Amino acid sequence: QVQLVESGGGLVQAGASLRLSCTASGRTFSNTAMGWFRQAPGKEREFVASIRSSHLTDYTDSVKGRFTISRDNAKNTVYLQMNSLSAEDTAVYYCAADPAGWGFRPEATYIYWGQGTQVTVSS
């Protein structure tokens, strides 16, 4: 079993930056792929970014060049640095863990999920 706890969300103005954190507990973290997803009001949850144990990363097109996913295995933590935020980034952001280590985009890849953290960007 893995427990994931997100933090770092909040209300910011367009153009600002935020860094989300997700700390994992309960099993070996270093071999687990981690992903960030988001769900905007009235929309389905969508893939944002993922990172494998090798630090190989993947991003959805809409955040490439603005968001950076990283991990610190010593702290069992994955981060999502979000720059140049816009109103379209407003959503609840979820952290997810893939113990198999793949970090593919489909939600079904991920077994464990956090509760989510709200990010609101005012225009």
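The phi-based Karplus calculation (6.51 cos²θ - 1.76 cosθ + 1.60; θ = phi - 60°) puts the 3J(HN,Hα) values of the range 15-22 at x, 7, 10, 9, 10, 8, 10, 9 Hz, whole numbers, x for Gly and Pro.
Under the criterion of Cα pairs below 8 Å and six or more residues apart, the relative contact order for the chain equals 36 percent.
Heavy atoms only, probe 1.4 Å: what % of the accessible area of the chain goes to carbon and sulfur, would you let me know?
Carbon plus sulfur share of accessible area: 48 percent.
Extension gain for Trp102-Leu56 works out to 15.6 nm (0.36 nm per residue, less the C-alpha to C-alpha distance).
The values are calculated or read from the model by the stated rules, or taken from the named source; none is laboratory data. On a predicted model such as this, the values are computed, not experimentally measured, just so you know. Note: accessible area is taken over every heavy atom of the protein model, side chains too, but ligands, DNA and RNA are not part of it. Shrake-Rupley method; radii C 1.70, N 1.55, O 1.52, S 1.80 Å.
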